[in-house]
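To start, the structure itself, in structure tokens.
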Amino acid sequence: MNKKGFGSRIVASPYILWAALFVIVPLIFIAYFAFTDPSGAFTFSNIMQIAKYKKAFGLSILYSVIATIITLLISYPMAYFMTKMKVSSQKMIMVIVMLPMWMNFLIRTYSWITILANKGLINTFLTSIGLHPVKLINTPGAVILGMVYDFIPYMILPIYTVMSKIDNSLLEAASDLGSNGFSRLRKVILPLSFPGVISGITMVFVPCVSTFYISQKLGGNKNLLIGDAIEYLFNSGPDFYNVASALSLVLMVMILICLFVMNYFTDSEEATVL
Amino acid sequence: MAKNNILELKDIYVSFDGEKVLDGLNLSIEDKEFITLLGPSGCGKTTTLRIIAGFLDPDKGDVFFDGEKFNGIPPHKRQVNTIFQRYALFPHLNVYENIAFGMRVKKRPEAEIKQEVTDLLRLVNLEGFEKRRISTLSGGQQQRVAIARAIANRPKVLLLDEPLAALDLKLRKDMQKELRNMQQKLGITFIFVTHDQEEALTMSDRVVVMDKGKIQQVGTPQDIYNEPKNAFVADFIGESNIVDGKMIEDYLVEIDGHNFKCLDAGFEKNEAVDVVIRPEDVDIVKPEDGEICGEVTSIAFLGVHYEIIVDICGFKWMIQTTDAANVGDKVGLIIEPDAIHIMKKSEYSGLYGDYSSYSDEIDQLSNPEETTEEAAHE
Ligand SMILES: Nc1ncnc2c1ncn2[C@@H]1O[C@H](COP(=O)(O)OP(=O)(O)OP(=O)(O)O)[C@@H](O)[C@H]1O
Ligand SMILES: [Mg+2]
């Protein structure tokens with residue numbers, strides 16, 4: 001090999017080592033556990049057992065899909081209006097969007113408990129003005145709210161980035177050719193911001209589908225999500241590592257399939273939606 | 001012929017951050033003419049187009065389209081289409097969809113769109129390119145797609161913002177002809193922007209020379225070249241020697257102490273004027289036969305002719321001639337009356353038309369060769 005290839009390989013080696021140690025090896029462990037029983041013998045029984053968790057899988061996917069759609073519906077118009085503002089205002093809003101991400105994830109989720117609790121902020125307010133308190137905490141709505149709140153920056157960021165890079169002369173060209181504001185949005189901005197939408201969806205859906213903490217704190221322990229199931233099993237001692245690994249593996253494969261489908265959309269440049 | 005003005009700009013003022021960009025612009029554009037805005041970078045050409053297209057509202061002044069006031073009408077409601085400086089083709093659509101864009105917006109029937117796109121592609125010589133993505137096209141092809149897209153809407157006025165600037169010389173020449181033919185075939189008013197004076201002269205019915213947000217002169221290419229209004233126009237269009245002169249009387253001007261016959265009249269007696277003499281209109285003769293004399297300070301061979309710089313009383317003249325001369329030669333000049341053009345003094349007087357800096361450049365550029373050439377001669 002030439003010198004350059006050798007040199008760049010030396011430079012890359014710490015990262016390759018890092019990836020091997022902390023990504024590949026754990027993956028191998030998970031695969032190993034998923035296909036063995038506690039004694040180490042090869043088995044499919046762990047994989048078979050995931051049928052017991054199909055409700056958790058289903059709920060995870062359902063909540064995540066809903067949360068992702070809501071996030072998208074909030075983020076897209078927001079990103080759009082941001083690009084119409086003065087640059088200084090855009091920067092300000094960006095900071096405000098990012099601000100919660102500097103706070104610890106657990107604290108952010110906990111703060112929602114105090115807001116949504118039966119005697120929390122909202123219900124205290126409602127009773128103080130003479131209304132009946134409503135049940136907010138420990139509902140699917142609360143879980144979805146938590147997901148939306150926690151992951152919305154990951155949707156706004158890529159959409160805003162892609163949208164703000166759209167050449168203004170393309171929009172001028174569209175209006176020059178007779179498009180009004182709405183048709184510009186539909187025929188130029190939407191298709192050109194599609195890659196941002198795809199990466200936003202990916203970046204929100206994936207953490208939603210594997211989350212465990214949000215559902216435990218905001219959803220009570222009634223409706224376990226798949227992340228909760230995995231966490232619960234791992235916490236239940238070494239005997240359950242195998243089933244937990246199998247669940248993780250299946251979840252991972254599912255996410256990978258999602259990513260592939262998403263990538264297909266963005267790569268095949270046929271970004272003509274609608 | 002009754003003049004039918006499709007567009008009128010009346011007293012247009014535009015400034016950005018307190019800086020005047022258009023300074024009282026007045027311009028009438030006739031229906032179906034090919035008019036070119038010509039001027040140095042930053043003189044306000046694009047700004048003028050943006051006002052016509054509706055992307056920009058003037059601070060002051062009115063735009064009339066077909067006799068009706070056009071102010072405040074948004075771009076998508078104007079029967080004006082633009083070919084943008086950088087084409088602005090839609091990267092997410094193929095050639096067909098780019099051209100069909102305007103017709104789709106207007107909700108024309110699909111069969112009609114198909115027919116129209118096919119015709120347009122034939123017109124711009126891009127048959128078979130329907131499915132191609134914009135990123136796979138060459139600059140010239142993109143430019144032609146931009147043209148097809150803009151004329152698909154059958155605008156009354158087409159704005160072209162330096163559409164040929166990105167093309168190489170050969171393609172540019174071809175496209176100049178193509179655009180001119182297209183304009184005549186379609187019968188659309190073309191408002192063309194360029195800072196290339198040759199392009200402006202060869203393509204246009206009329207040329208608008210602009211500088212500093214003001215129109216310096218409007219006229220046919222011949223008018224502009226032969227009868228520039230001031231030193232700026234004379235210098236910007238082609239090469240010219242612009243010397244100080246004094247009108248002795250009608251048809252007689254004094255340059256460097258010598259009286260020349262000329263064809264211009266209507267100035268005050270002894271009025272100081274700017275005199276334009278094109279380099280190709282000067283004849284070089286023996287010193288004793290010349291009306292005025294000077295010394296050759298540099299010479300460059302340009303194929304068709306020589307470009308000679310002659311120092312006359314400290315003013316460097318450029319002369320284009322087919323006769324060779326040597327640096328240091330004393331030569332005489334003869335200038336025919338019809339080669340002399342007299343202009344009133346203006347703010348541009350004295351700023352242009354002297355070739356002393358030019359000859360310095362030539363000296364520097366040609367020094368290495370000159371020494372070898374001289375060595376070869378001896
Ligand atoms: N949106 C804007 N904000 C501030 N200044 C502007 C804006 N648009 C144009 N200008 C300024 O106005 C002046 C004229 O610009 P314009 O684009 O009309 O020039 P031009 O004649 O088209 O030049 P070029 O040949 O370089 O394209 C320039 O000094 C430019 O910097
Ligand atoms: Mg310009």
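The values are calculated or read from the model by the stated rules, or taken from the named source; none is laboratory data. In this text the structure is predicted, and so the values were computed from the model without any measurement. Here the Cβ positions follow ideal geometry from the backbone for every residue, glycine too, while neighbour counts run over all protein chains shown. These area figures cover heavy atoms from the full protein model, side chains too; ligands, DNA and RNA do not enter into them. Shrake-Rupley method; radii C 1.70, N 1.55, O 1.52, S 1.80 Å.
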Would you look at the GNM of chain B, springs on alpha carbons closer than 10 Å, and say which of B:Pro228, B:Pro109, B:Pro163 moves the most? B:Pro109
I'd like the projected area of segment A:53-204, averaged over all directions, using the convex hull of its alpha carbons. Report it in nm² with one decimal. 12.1
Rounded to the nearest 0.05, what FRET efficiency do B:Glu347 and A:Met101 give with R0 = 56 Å and r taken as the Cβ-Cβ distance? Could you check? 0.40
Contact order relative to length for segment A:35-273, counting C-alpha pairs under 8 Å separated by 6 or more residues, stands in percent at 28
In deg cm²/dmol, rounded to 500, what helix-only [θ] at 222 nm does chain A give when every DSSP H run of at least 4 residues adds -39500 (n - 2.57) and the total is split over its residues? -23000 deg cm²/dmol
Hey, rough spin-label estimate for B:Asp205 and A:Lys222, points 7 angstrom out along Cα→Cβ, what's it come to in nanometres? 7.9
Computed magnitude of the charge dipole of chain B (debye, nearest 20; Cβ of K, R +1, Cβ of D, E -1): 3560
Take the solvent-accessible surface of the protein heavy atoms, probe 1.4 Å, and return the percent of it on segment A:35-273 that carbon and sulfur atoms account for. 72
Accessible-area ranking of B:Asp250, B:Asp264, B:Asp31, B:Asp59, largest first, probe 1.4 Å: B:Asp59, B:Asp250, B:Asp31, B:Asp264
What is the set of long-range amide H partners of B:Lys316 at a cut-off below 5 Å, with H atoms built 1.01 Å from backbone N? B:Tyr355, B:Ser356
Roughly how much accessible area, to the nearest 100 Å², goes out of reach of solvent when B and A pair up, both sides summed, probe 1.4 Å? 1800
How large is ³J(HN,Hα), in whole Hz, for each residue of segment A:191-199 in order, when computed from phi with the Karplus curve 6.51 cos²θ - 1.76 cosθ + 1.60 and θ = phi - 60°, using x for Gly and Pro? x, 6, 9, 3, x, x, 4, 4, 6
Neighbour net charge for A:Ile107 - beta-carbon separation under 14 angstrom, K R +1, D E -1: +1
Keeping all protein chains in the complex and leaving out DNA, RNA and ligands, what accessible area do you get for A:Leu99 with a 1.4 Å probe, in Å² to the nearest 10? 80
Any GluC sites (Glu not before Pro) in segment B:291-353 that lie in a DSSP loop and have at most 13 other Cβ atoms within 10 Å would be B:Glu347
Say we join alpha carbon atoms closer than 10 Å with springs in a Gaussian network model of chain B; which of B:Thr48, B:Thr194, B:Thr321 then has the biggest fluctuation? B:Thr321
Can you compute the FRET efficiency between B:Asp329 and B:Asn259 using 1/(1 + (r/R0)^6), with r the Cβ-Cβ distance and R0 = 25 Å? Round to the nearest 0.05. 0.50
Fully extended contour minus Cα-Cα distance, from B:Ala300 to B:Glu288, at 0.36 nm per residue: 1.9 nm
So, with +1 on the Cβ of K and R and -1 on the Cβ of D and E, and no other charges, what is the size of the charge dipole of the protein assembly as shown about its Cα centre, to the nearest 20 debye? 6700
Averaged over all viewing directions, the convex hull of the alpha carbons in chain A casts a projected area in nm² of 22.0
Counting Lys and Arg as +1 and Asp and Glu as -1, each charge on the Cβ, what is the dipole of segment A:125-262 about the Cα centre in debye, to the nearest 20? 320
State the number of lysine pairs found in segment A:35-273 whose Cα atoms come within less than 23 Å, restricting to pairs 8 or more positions apart or on distinct chains. 15
Quick one: divide the alpha-carbon radius of gyration of chain B by 2.2 N^0.38 Å and tell me what you get. 1.19
How far apart, in nm, are the 7 Å Cα→Cβ label points at A:Glu231 and B:Asp168? 6.4
Considering only protein heavy atoms and a probe of 1.4 Å, how much of the accessible area of chain B is carbon and sulfur, as a whole percent? 48
Send over a whole-number figure in Å² for the accessible area per residue of segment B:47-182, probe 1.4 Å. 44
Quick one: how many Å² of B:Leu351 are accessible to a 1.4 Å probe, rounded to 10? 110
Can you put B:Asp196, B:Asp338 in order of accessible area, largest first, using a 1.4 Å probe? B:Asp338, B:Asp196
Placing each pseudo-label 7 Å from Cα in the direction of the beta carbon, A:Ala19 and A:Ala117 end up separated by a distance in nanometres of 4.6
Using the heavy atoms of the protein chains alone and a 1.4 angstrom probe, what is the accessible area of segment A:35-273 per residue in square angstrom? 51
Accessible surface of B:His258 - all protein chains present, 1.4 Å probe, nearest 10 Å²: 50
What FRET efficiency, computed as 1/(1 + (r/R0)^6) with R0 = 51 Å and r the Cβ-Cβ distance, is obtained for B:Asn26 and B:Cys313, rounded to the nearest 0.05? 0.80
Rule-of-thumb check for the protein assembly as shown: C-alpha Rg over 2.2 N^0.38 Å? 1.44
